[in-house]
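The values are calculated or read from the model by the stated rules, or taken from the named source; none is laboratory data. All of these numbers come straight from a predicted model, not from anything done at the bench. When we count neighbours, we look across all protein chains shown, and the Cβ atoms used for this are built from the backbone with ideal geometry, even at glycine.
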Amino acid sequence: MRKKIYLNAQMKTIYLTLYLNTLNGREVLRGVAGYAREQGGWVLQAFNHLPLEHEKPDGVIGHFGKKNRAEVEAMRARGIPLVCLSGTDPISEIPLVNHDDAAIGAMAAEHLTARGYRRFAYAHHPIAANAWLRMKGFQDRLAELGMPEPEIWQGVGADLQEAVRAVEKPVGVFAFNDTRARGVELAS
């Protein structure tokens, strides 16, 4: 028999603005839902937008940053607690839950060197803050392993295609994310 849940003044309404079309977004949702079940008294609502002016959730967990700073500041002014899940464009005053991007870069360096690569490239995304951290972790770990500096590929389309075709092969490529990796694949 299923337990009935009644909404009352004790219930906490948490808005989630997640990218549910990604594995990461679904895993975050699974984790937040598990925590909400353990705590009890939480109502999770998924939205593709931040709370509107007339909405007052008890908290928001999601992707936001400098690009929508005005909306974030309006929520903060209304006393809405926020947790950001995106290291792409973080606001330093907002708690951030994200990957250890430098460690991801270091792991990529270790993986590629263990596979025997001695030339490297990094498919970068110059706008994303966490892309810089991944690149730095990659570069630092390669240096610690006595490997050469990686080429940095920032372009897309024809620029990326030119870089991929010009690099001496074999080359171990670390891409910032799946979209960049797909761009490298299409460019080769």
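Summary of computed values
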read-out	value
Among (1) surrounded by fewer than 16 Cβ atoms within 10 Å (Cβ to Cβ); (2) in the same structural domain as LEU18 (by TED's automatic domain parsing); (3) more than 30 Å from GLU151 (Cβ to Cβ) - the single one GLU55 does not satisfy	(1)
So GLY87, is it surrounded by fewer than 14 Cβ atoms within 10 Å (Cβ to Cβ) and assigned to a loop (DSSP other than H, G, I, E, B)	no
Flag for ARG118 being over 29 Å from LYS66 (Cα atoms), in a loop (DSSP other than H, G, I, E, B) and of a type in the set (Lys, Arg)	yes
Residue within the stretch 90-100 that is among the small types (Gly, Ala, Ser) and part of a loop (DSSP other than H, G, I, E, B) present	yes
Test: residue in the stretch 110-129 that is surrounded by fewer than 14 Cβ atoms within 10 Å (Cβ to Cβ) and modelled with pLDDT under 90	yes
Flag if TRP132 is closer than 28 Å to GLY157 by Cα and either at pLDDT 85 or above or surrounded by 14 or more Cβ atoms within 10 Å (Cβ to Cβ) (or both)	yes
Pick from the stretch 10-68, criterion part of a loop (DSSP other than H, G, I, E, B) and of a type in the set (S, T, N, Q), ranking: modelled with the lowest pLDDT	ASN48
Test for ALA109: is it among the hydrophobic types (A, V, I, L, M, F, W, C), closer than 21 Å to GLU162 by Cα and over 17 Å from the mean Cα position of the chain (by Cα)	no
Selection status of ALA109, under 27 Å from GLU151 (Cβ atoms), part of a helix (DSSP H, G or I), among the small types (Gly, Ala, Ser) and assigned by TED's automatic domain parsing to the domain that holds LYS169	yes
Check on GLU162, touching a helix residue (DSSP H, G or I) at 6+ places or on another chain (Cβ under 9 Å), part of a helix (DSSP H, G or I) and acidic (Asp, Glu)	yes
Filter result (touching a residue at least 12 places away in the same chain (Cβ under 8 Å) and either touching a strand residue (DSSP E or B) at 6+ places or on another chain (Cβ under 7 Å) or over 27 Å from THR88 (Cα atoms) (or both)) within the stretch 156-168	LEU160, ALA163, ARG165, VAL167, GLU168
